[in-house]
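To start, the structure itself, in structure tokens.
The values are calculated or read from the model by the stated rules, or taken from the named source; none is laboratory data. Here the structure is a predicted model, which means the values were calculated and not measured. Reconstructed Cβ throughout: ideal geometry from the backbone, glycine too, with neighbour counts over all protein chains shown. Calculation scope for accessible area: heavy atoms of the full protein, side chains included, ligands and nucleic acids excluded. Shrake-Rupley method; radii C 1.70, N 1.55, O 1.52, S 1.80 Å.
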Amino acid sequence: MPIMHVFMLEGRTEAQKAAFIAAVTIASQQTVDATPESVRVMITDLPAHNFGIAGQTAKQKGRGR
């Protein structure tokens, strides 16, 4: 059973997340022969001020939505 835990900067829509989950499920089927029913995907949204890039927060660097 593939289990993916993905961390993303906040700001994506429910539709974008659903499309991502569908794509990861298909990729799991194609690469590790997983059945769709066995695939689990967890998305954790991170506030841009809680993610660091090169010594600055993602918010300071203008990242995130």
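Compactness of the chain, taken as the C-alpha radius of gyration over 2.2 N^0.38 Å, stands at 1.34. Where both bridge residues fall in the chain, DSSP classifies roughly 20% of the beta bridges as antiparallel. This model, with +1 at the C-beta of Lys and Arg and -1 at the C-beta of Asp and Glu, gives the chain a dipole about its Cα centre of some 400 debye. In the chain, a dipole from Cβ-located charges (positive for Lys and Arg, negative for Asp and Glu) runs towards its positive end, and of Phe20, Gly62, Met4 it is Gly62 whose Cα lies farthest in that direction. In the context of the full set of protein chains, the chain has a per residue accessible area of 71 Å² (1.4 Å probe). Taking amide H as placed 1.01 Å from N in the peptide plane, Val41 has its amide H under 5 Å from the amide H of Met4, each at least 5 places away in sequence or on another chain.
Extension gain, Ala27-Asn50: 0.36 nm per intervening residue step, less the Cα-Cα distance, totals 5.4 nm. Placing dummy labels 7 Å off each Cα toward the beta-carbon, the span from Met1 to Arg63 is 3.2 nm.
Taking the longest Cα principal axis of the chain as reference, the axis of helix 14-32 is set at about 50 degrees. Accessible surface of region 22-65, 1.4 Å probe: 51 percent of it comes from carbon and sulfur atoms. Be a star and scan region 1-32 for residues whose amide nitrogen sits under 12 Å from the point 7 Å along the Cα-to-Cβ vector of Met42. Flagged as within label range: 3-7.
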